[in-house]
Amino acid sequence: MGVVVGETAEIGDGCTIYQGVTLGGTSLYKGSKRHPTLGRGVVVGAGAQVLGGFTVGDGARIGSNAVVVKPVPAGATAVGNPARVIQLDADVKREQVASQMGFSAYGITQSDDPLSLALRGLIDNAAGQEHQISMLWQAIEKLSGPQTPRPHDYVPKDAALQETFEADKLNQLVGK
């Protein structure tokens, strides 16, 4: 399986193009810009199809087997069929840390994978539990102090008095 580069395609410096990629056109008219332009440092995953006379911005990433038919902004990631651009502030920060470590998984989605959503739910729940434990320690410290406060002063105002973990919601995310 080879790489197909159309007649009017342009590839910037430092691009990485994996096997089976097509930089193809969507028009049969000669003389017009029918094929894509890749900016500097673009990564195109294996089997991706980039179709049309538009620009993929500098440092953009295209996931494996994505079908890109619209421009991709600089630094963004495009995944899926048809490709959708994902670029969230958290993803940008995560990517900066990953690049410092020397590895960047450029074709990973963040918002539509059920397992990823389930794990994020568990992480959020654990963070909430940590907060509640912290508040319990604060209440214990108040009770063990030299002056004993009134009973309604023991519990901080934002302490959860009942368990709120929703196992059914987690099971729906995982698909069981």
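The values are calculated or read from the model by the stated rules, or taken from the named source; none is laboratory data. As the structure is a prediction and not an experimental result, all values here were calculated from the model. Every residue, glycine as well, gets a Cβ built from its backbone with ideal geometry; the counts of neighbours run over all protein chains shown. Accessible surface areas use protein heavy atoms only, side chains included; no ligands, DNA or RNA. Shrake-Rupley method; radii C 1.70, N 1.55, O 1.52, S 1.80 Å.
Remarks
- Condition check for residue 38: open to solvent by less than 30 Å² (accessible area, probe 1.4 Å), touching a Cys at 6+ places or on another chain (Cβ under 6 Å) and either under 14 Å from residue 83 (Cβ atoms) or free of Cβ contacts under 8 Å to residues at least 40 places away in the same chain (or both): yes
Matching residues to (1) in contact with a Pro (Cβ under 8 Å, 6 or more places away or on another chain); (2) of a type outside the set (A, V, I, L, M); (3) at pLDDT 90 or above:
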{"residue": "3", "(1), (2), (3)": "no, no, no"}
{"residue": "29", "(1), (2), (3)": "no, yes, no"}
{"residue": "36", "(1), (2), (3)": "no, yes, yes"}
{"residue": "39", "(1), (2), (3)": "no, yes, yes"}
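- Selection within region 51-63 - more than 15 Å from the chain's Cα centre (by Cα) and touching a residue at least 40 places away in the same chain (Cβ under 8 Å): 53, 58
- First in region 124-140 and part of a helix (DSSP H, G or I) and open to solvent by less than 90 Å² (accessible area, probe 1.4 Å), second anywhere and at pLDDT 80 or above and not β-branched (Val, Ile, Thr), Cβ under 7 Å, 6 or more apart: none
- Members of region 3-24 that are surrounded by 14 or more Cβ atoms within 10 Å (Cβ to Cβ), in contact with a strand residue (DSSP E or B) (Cβ under 7 Å, 6 or more places away or on another chain) and part of a loop (DSSP other than H, G, I, E, B): 6, 9, 12, 15, 18, 21
- Given (1) at pLDDT 65 or above; (2) assigned to a helix (DSSP H, G or I), index of the condition residue 156 fails: (2)
- Among the residues of region 44-62, the ones that are in a strand (DSSP E or B) and charged (D, E, K, R) come to 1 in all.
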